[in-house]
Structures are given as C-alpha cells and as structure tokens.
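Report on the following structure.
The values are calculated or read from the model by the stated rules, or taken from the named source; none is laboratory data. None of the values given here were measured: they were computed from a predicted structure. Note that each Cβ is placed from the backbone with ideal geometry, even for glycine, and that neighbours are counted across all protein chains shown. Heavy atoms of the whole protein, side chains included, go into the accessibility calculation; ligands, DNA and RNA do not. Shrake-Rupley method; radii C 1.70, N 1.55, O 1.52, S 1.80 Å.
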Amino acid sequence: MSQDLYLDITDFAHDTPGWVQHLAELWTEAGLLLFGVLFLVAWWRARPDASRAVALAVLAPLGTAFGYVVSELTKSVIDEERPCRAVAGAAASLVQCPPYGDWSFPSNHSAIAGAAAVALAMAWRRIVWLTVPMALLMAFSRVFVGVHYPHDVAAGLVLGALAAVLFVRLLTGPTGALVGTMRTSRSALATWLAGPGPRVTGPTGTPGAPGARPARHRRREPMHRRG
C-alpha cells in the first residue's frame with residue numbers, strides 16, 4: 001500500500017510545473033533552517049519570562065536533536081532500502097538518491113521536523129499553527145522528491161515528536177532551576193543567556209530587580225496600655 005502511494009505521489013510530482021519541483025527540493029533543506037530561526041526567536045522572547053519559559057525554549061532545539069538521534073539509531077537497526085532504488089518502474093527521484101547504506105526507515109528529516117514542531121509548540125503555544133504545517137510539508141516533500149516511502153515519513157514524524165516531548169518533560173524542571181541560578185550569577189554571559197526574568201513590583205509600587213522576590217514586612221503587634 002505504501003509503495004503504491006509512493007508511486008502515485010512521485011508520478012504526480014513529475015506532472016507538476018518545474019518551479020513546484022524546485023520548491024519541493026529547496027524546502028526539504030530550507031525548512032530545517034527556518035526551524036533554527038524559530039528556535040532563536042523562541043529563546044529571545046522567553047528571556048523576560050519565568051525560568052520555566054526559558055527552559056522550554058532552550059530545550060526545544062536539544063529535544064529536536066534528541067529526536068534525530070533516536071531516529072538515526074532506529075535507522076541503523078532497520079535496513080530498509082530507499083524506494084528510489086527498490087521500487088521497480090518508479091519515476092526518477094527529483095533529487096539524487098542517497099547512497100547505499102543510508103537506509104530509508106524512518107525519515108530523519110521528518111523526525112527532526114516532528115520533534116521541532118512539537119518542542120517549539122511546548123515553548124511557544126501560539127506558533128503551533130506554523131510549526132505543524134511546516135513539519136507536515138517537510139515530511140511530504142521527502143516522498144514528493146522520491147527518496148522516502150510514505151510510511152517512512154509518518155514514522156519519522158511520530159518518533160521525533162514523542163522523543164522531543166519525553167526529553168523536554170523530563171528536563172524542564174532541572175533546566176528551569178539552572179536558569180534561575182544563572183540569573184543570579186556574577187557572569188555577564190550567564191545572566192544574558194538566561195535573560196532578565198519578570199520584574200517584580202516592590203512594596204511602594206516601584207519596579208524591583210528582575211526576578212527579585214518582594215520584601216516581607218513584619219506585622220506590628222498593637223501596643224497595649226499598662227493597667
């Protein structure tokens with residue numbers, strides 16, 4: 001079934017205009033760069049927020065890298081030949097077919113895309129409307145250009161997303177604590193990387209130091225007259 005769908009998609013790809021084919025070839029790689037830009041934007045916008053927000057933004061690219069590692073380990077165990085070599089009668093792939101030994105299952109590009117989409121959504125919920133379509137288009141493009149089966153990219157998306165969620169959830173607490181420590185560090189680089197954090201309003205209504213706790217005041221007991 002996956003092979004038949006692969007043939008349908010690749011035949012469709014060859015019937016599309018040349019500019020569509022070139023755009024698909026470009027997107028398979030350029031999409032990764034766009035995810036990289038979004039990682040930086042997510043970290044920068046989280047710097048004035050609580051330590052947990054910064055931790056989620058920092059863990060997004062790390063969780064994506066973890067998703068890639070999990071996918072690569074899986075690929076090293078399952079030796080599935082690329083469809084651009086294995087499927088008889090298939091149209092020529094739009095990009096060069098990867099060399100023998102660079103197995104097909106799962107798709108590393110799709111694993112990275114799935115991990116990045118989910119990890120970014122965990123750090124920046126409003127961006128999910130952009131990251132999920134990006135990941136789906138990137139996965140589809142790998143079949144469109146002829147280097148993966150549909151089940152390769154579907155497995156890559158799911159595997160990468162699950163790996164990223166697990167990684168981020170396990171490390172959010174420790175990373176948030178580290179961010180809090182960095183914000184009180186004497187190192188200018190550490191404090192810049194961690195960001196200023198939210199400003200806390202002082203007792204008189206004036207802004208206090210970033211991340212500082214409001215001062216506690218002792219409650220005065222009423223004075224009693226001596227009898």
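The Cβ shell under 12 Å around SER110 holds other residues with a net charge of +1, Lys and Arg each +1, Asp and Glu each -1. Projected over all directions and averaged, the alpha-carbon convex hull of the chain occupies 19.3 nm². Extension gain for GLU72-ALA50 works out to 4.5 nm (0.36 nm per residue, less the C-alpha to C-alpha distance). From the alpha carbon centroid of segment 4-25 to that of segment 106-148 is 19 Å. Annotation: per residue accessible area for the chain equals 59 Å², rounded to a whole number [probe 1.4 Å, protein chains only].
With K and R counted +1 and D and E -1, the other residues having a Cβ less than 14 Å from that of ALA177 yield a net charge of +2. Taking a label point 7 Å from the Cα of LEU166 along the Cα→Cβ vector, which residues of segment 72-87 have an amide N closer than 14 Å to it? Zone members listed by number: 72-75.
Report note on the peptides 47-53, 143-149: ranked by the mean count of other C-beta atoms within 10 Å, highest first, their order is 143-149, 47-53. A Cβ-based charge dipole, computed about the Cα centre of segment 71-185 with Lys and Arg at +1 and Asp and Glu at -1, lands at about 540 debye. Note on ARG126 and GLU80: the model spin-label points, each 7 Å out from Cα along the C-beta direction, lie 3.8 nm apart. Compactness ratio for segment 72-111: Cα radius of gyration over 2.2 N^0.38 Å (N = residue count) comes to 1.18. Measuring r between the beta carbons of TYR100 and LEU193 and using R0 = 45 Å, the FRET efficiency lands at 0.55. For the chain, give the percent of accessible area contributed by carbon and sulfur heavy atoms, probe 1.4 Å, rounded to a whole number. Here it works out to 64 percent. Summing charges over neighbours of ALA190, with a neighbour being any other residue whose Cβ is under 14 Å away from its Cβ, gives +3 when K and R count +1 and D and E count -1.
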